[in-house]
Amino acid sequence: MLAKKTLTQVLDLLEKKEITLEELHKDLHAAVAEKNETLNVYLTVNTASAEEAAQRSEAALRGIPIAVKDNYCTKGIRTTASSTVLDTFVPPYDSTVIANLKKAGASILGKTNLDAWAHGSSTETSQYGRTLNPRNTNHLPGGSSGGSAAAVAADMAIAALGTETAGSIRQPAAWCGIVGLKPTYGRCSRYGVVAMASSTDSPGPMTKTVEDAALLLNHMAGHDKYDGTTADVSVPDFTQAIGKSIKGLKIGYVYHSIEGLEESNAHLAKELEVFKKLGATVEKVEAMDPHYAISVYTVVQRGEVSSNLGRYDGIRYGNDRSFFGAEAKRRIMLGTYTLSKGYSDQYYNTAQKVRSLYIQDYNKLFETYDVLISLTSPGYAKKIGATEGEAMFGELEDMLLEPSSISGLPGISVPCYRDPETNLFLGMNIVAPMWKEETVIQVADAYEKATNWNTWRAAEKAGE
Amino acid sequence: MSTITPAQVQHIANLASIPVSDEEKKDLAQAFEETLAVVQNLQSVDTSHVEPTHQVTGLENILREDVVDTDHMLTQEQALANAKQTHEGFVVVPRIIDQD
């Protein structure tokens, strides 16, 4: 089954002409047809993927099909953001990241489910139904990029695209036992991505291995004249960080003593010993309490959402505002409230000041440490239905990721434990200073190769 | 801590132009209370000596040449393709004045 291969493996097989593009596309479409009804991963499947790919077989990515979160505008392919407001919206243009990837030779396999407008951490707010976690279908895949995480975990894709505003790549990656890389804010263009919280939205890769993430990011990143917040900085070849020794690197272990996380942290602490064997140093260190970041993010995100979702008037495209689901209504209206006269200072401006305190805290920590490591999520994937009546579900689940998100830092989640009874995973979150994706890739790759928690690396070692 | 009333919810709903039922108003008022209770901890942080961060990259005033970008032009047909109601090549918008 070619669908089970990693991006790096498939590229190699195509280059050596051991497989054909048609075989690859056929296998992937077969995997989607077999599993999609149960898991609800894809909202739209691109049946023309093989024909489109054939025209790009000479470019770097050789026509390989990628699963795309349904909040990236894709020319000629329906883009819903998992909301019925955009039920019939067919974009007349590609988002920059999609255009970059097509130029590099990628094709689109299909569009994956998410929490409606990316509001949530479960896919349960999708107006097209929840996605199930392929590792254990009684559980949620996480979110908002839950469909993309599930597509990769279920081998219904070779690799996928997600977007993260505060946890939306890394948390579902952790819950589904895959790799999720959130680049530095401004590294990948937001142009053509359905806007959520513009000051933190970051497109990024969701893949089977760290190496695959580095490779995909190479073809996603770069300055874009259509997104004024992308930085005009050079994009390194991120795959250069693969296989690089981490000897002498200084790792700070953060959020190690948070109440309620004892069991998960015990597993992580054990895994951190691996880094010492690889020649790095690991020290427990205190970072600013992440509970305040929940508040900063909640206020900033609701405010930016109320503004960004103002454009959906059902006139130029889409349905009218009565189609918004309960979660979107809550967020738009809370943002409207906290930005309104008399409250904006109390909430929004205060939140932006506390945001500065997190940035200062990180700057200080990075004077001593090359990377900071914590759990990705407080625990394992929650059971289906867990979000019922929980207005703050996502924020609490994403608590450990929000400080780095509001600070714009790059981070990666890699699997670091699997519970043998439930088959559910814990993720390790590795964070570095702005523009240092190479360092998180280097550390994550070294760890992934030294351990057996990565499903695809383990299969590779077993000679499968 | 202030209590959010259904009347306040209605006012916010009007500002956000979102239709809400009486049932939703009750749920929304409760969700607001819960959320505002969580974010209350911001008030306990000393922010007197710190400037707000609105954007993390530090970029300012990004401008471009004011020239027509033919790469990103849509035909009239493309531009209208997703509109619910069109008339002779235009988008039809709902009347917002003189509604009575």
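The values are calculated or read from the model by the stated rules, or taken from the named source; none is laboratory data. Please read these numbers as outputs of a predicted model, since none were measured by experiment. So basically every Cβ, Gly included, is an ideal-geometry build from the backbone, and we count neighbours across all protein chains shown.
Determine whether A:LEU14 is hydrophobic (A, V, I, L, M, F, W, C), touching a residue at least 12 places away in the same chain (Cβ under 8 Å) and assigned to a helix (DSSP H, G or I). Criteria met by A:LEU14. Cβ-Cβ distances below 6 Å connect the following pairs, each with a first residue in region A:300-324 that is among the aromatic types (Phe, Trp, Tyr), a second residue that is part of a helix (DSSP H, G or I), and a separation of six or more residues or different chains: A:TYR312/A:VAL85; A:PHE323/A:THR84; A:PHE323/A:VAL85. In summary, helices (runs of 4 or more DSSP H) completely within region A:277-370 and bearing 2 or more residues that are basic (Lys, Arg) and at the interface with chain B (Cβ under 7 Å from one of its Cβ atoms) occur at A:326-338, A:350-368. Against the conditions (1) touching a Ser or Thr at 6+ places or on another chain (Cβ under 9 Å); (2) over 20 Å from A:ASP232 (Cβ atoms), B:THR57 satisfies every one except (2). Residues in region A:80-109 that are surrounded by 24 or more Cβ atoms within 10 Å (Cβ to Cβ) and in a loop (DSSP other than H, G, I, E, B): A:THR80, A:ALA81, A:SER82, A:SER83, A:SER95, A:ALA106.
Residue-wise test of (1) out of contact with any Cys (no Cβ under 6 Å at 6 or more places or on another chain); (2) farther than 30 Å from A:MET220 by Cα; (3) surrounded by fewer than 19 Cβ atoms within 10 Å (Cβ to Cβ); (4) in contact (Cβ under 8 Å) with a residue 24 or more places away in the chain.
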{"position": "A:ILE242", "(1), (2), (3), (4)": "yes, no, no, yes"}
{"position": "A:LYS247", "(1), (2), (3), (4)": "yes, no, yes, yes"}
{"position": "A:GLU263", "(1), (2), (3), (4)": "yes, yes, yes, yes"}
{"position": "A:LYS270", "(1), (2), (3), (4)": "yes, yes, yes, no"}
{"position": "A:THR281", "(1), (2), (3), (4)": "yes, yes, yes, yes"}
{"position": "A:ASP289", "(1), (2), (3), (4)": "yes, yes, yes, no"}
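Within region A:388-426, being more than 19 Å from the chain's Cα centre (by Cα) and part of a loop (DSSP other than H, G, I, E, B) holds for A:GLU388, A:GLY389, A:GLU390, A:ALA391, A:MET392, A:ASP419, A:PRO420, A:GLU421, A:THR422, A:ASN423.
A:SER374 passes every criterion in (1) among the hydroxyl-bearing types (Ser, Thr, Tyr); (2) part of a helix (DSSP H, G or I); (3) more than 8 Å from chain B (Cβ to nearest Cβ) apart from (2). Looking at A:ILE332, A:ILE315, just one residue is more than 24 Å from A:ASN429 (Cα to Cα), surrounded by fewer than 23 Cβ atoms within 10 Å (Cβ to Cβ), β-branched (Val, Ile, Thr) and at pLDDT 90 or above, and that residue is A:ILE315. The residues of region B:1-46 that are outside any helix (DSSP H, G or I), under 29 Å from A:SER356 (Cα atoms) and more than 7 Å from chain A (Cβ to nearest Cβ), listed by number, are B:MET1, B:SER2, B:ASP46.
Within region A:72-85, residues that are within 17 Å of A:TYR191 (Cβ to Cβ) have Cβ atoms under 9 Å from residues that are among the small types (Gly, Ala, Ser) and in a helix (DSSP H, G or I) in these pairs: A:LYS75/A:ALA99; A:ALA81/A:ALA116; A:ALA81/A:ALA118, counting only partners at least 6 apart in sequence or on another chain. Does region A:248-270 include one or more residues that are within 29 Å of A:LEU396 (Cβ to Cβ), within 14 Å of chain B (Cβ to nearest Cβ) and of a type in the set (Phe, Trp, Tyr)? No, the conditions are met nowhere in region A:248-270. Can you tell me which residues in region B:71-89 are surrounded by fewer than 12 Cβ atoms within 10 Å (Cβ to Cβ), within 11 Å of chain A (Cβ to nearest Cβ) and not polar (S, T, N, Q)? B:ASP71, B:HIS72, B:MET73, B:LEU74, B:GLU77 - these are the residues of region B:71-89 that are surrounded by fewer than 12 Cβ atoms within 10 Å (Cβ to Cβ), within 11 Å of chain A (Cβ to nearest Cβ) and not polar (S, T, N, Q).
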